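Have a look at the structure below before the remarks.
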Amino acid sequence: MSLATIIKTAIVAALATRGTALPTSSFTLQVPTDLSKPELGLTWLTEANVEEYLAANNITIKTGTVDGSSGLSKRADIPSGCAFEQSGISYNYQSFDTSGHGQACFGFVITPNCGLDQYWQDPDWTDLQNIVQQQIAKDGLFEFSYVGDWSAGFIPFTTAFKNRDWTWFGIGLLVNKVKALQYYYSRDFDYMNIHKLHGC
């Protein structure tokens with residue numbers, strides 16, 4: 001069974017049990033316990049154990065900030081999977097070295113935001129995960145998703161995600177405690193953006 005299939009199964013199970021398997025106040029994500037041996041089953045990630053999980057799976061993170069006012073020549077050190085915008089928008093990114101499981105990058109626009117050092121509450125927390133799952137399953141440049149107060153679409157030149165694993169977006173939400181109005185996600189050099197429709 002492929003990692004993508006196992007993760008998809010985990011998503012279905014997580015959505016079916018959300019609010020019963022863990023306290024409703026928990027910010028959680030279900031992922032394979034060991035990325036190199038997905039057959040070993042699944043585990044819950046929370047803010048308290050996400051760093052330990054990344055270390056146990058030998059995941060390294062490159063974190064950076066893109067200054068939207070800088071020229072393209074100053075962006076040479078940005079990982080290629082994290083080049084979400086060409087100019088004009090400043091954003092933070094985290095590139096995940098997934099230990100042989102492909103490229104992944106999570107990003108968010110720095111300002112304006114709806115609060116630092118805090119997570120989105122439900123329904124936004126769940127809606128963010130659901131919208132990425134919906135968009136990553138679509139095929140076509142002009143295909144969009146809408147869940148709650150969020151919209152998602154592909155960034156030009158992406159027409160579909162070859163790898164439909166959205167786990168790293170969820171991990172990015174856990175690692176980056178910020179209520180952003182715009183997020184980015186890439187997996188194996190396919191790209192999407194996610195926007196909040198009506199502000200905070």
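Bear in mind these aren't lab numbers, they're just calculated from the coordinates by the rules spelled out. What you are looking at is a predicted structure, and each value in this text was computed from that prediction instead of being measured. Quick reminder, even Gly has a Cβ in these numbers, built from the backbone with ideal geometry, and neighbours come from all protein chains shown.
With the cut-off at under 19 Å, measuring from each backbone N in region 124-141 to a point 7 Å along the Cα-to-Cβ line of ALA48 picks out no residue. Label-to-label distance for LYS177 and SER69 is 3.0 nm, based on points extended 7 Å past Cα in the beta-carbon direction. With the cut-off at under 19 Å, measuring from each backbone N in region 161-184 to a point 7 Å along the Cα-to-Cβ line of TRP125 picks out 167-183. So for region 136-200, Kirkwood radius off the Cα pairs, Stokes-Einstein at 25 °C and 0.890 mPa s: how many µm² s⁻¹? It comes out at roughly 198 µm²/s. A simple count of charges around GLY153, restricted to other residues whose Cβ falls under 10 Å of its Cβ and scoring Lys, Arg +1 and Asp, Glu -1, yields 0.
In this structure, the amide hydrogen of LEU45, modeled 1.01 Å from its nitrogen in the peptide plane, lies closer than 5 angstrom to those of LEU29, GLN30, VAL31, counting only residues at least 5 positions away or on a different chain.
Other residues with beta-carbon under 15 Å from the beta-carbon of HIS198 carry, at +1 per Lys or Arg and -1 per Asp or Glu, a net charge of -1.
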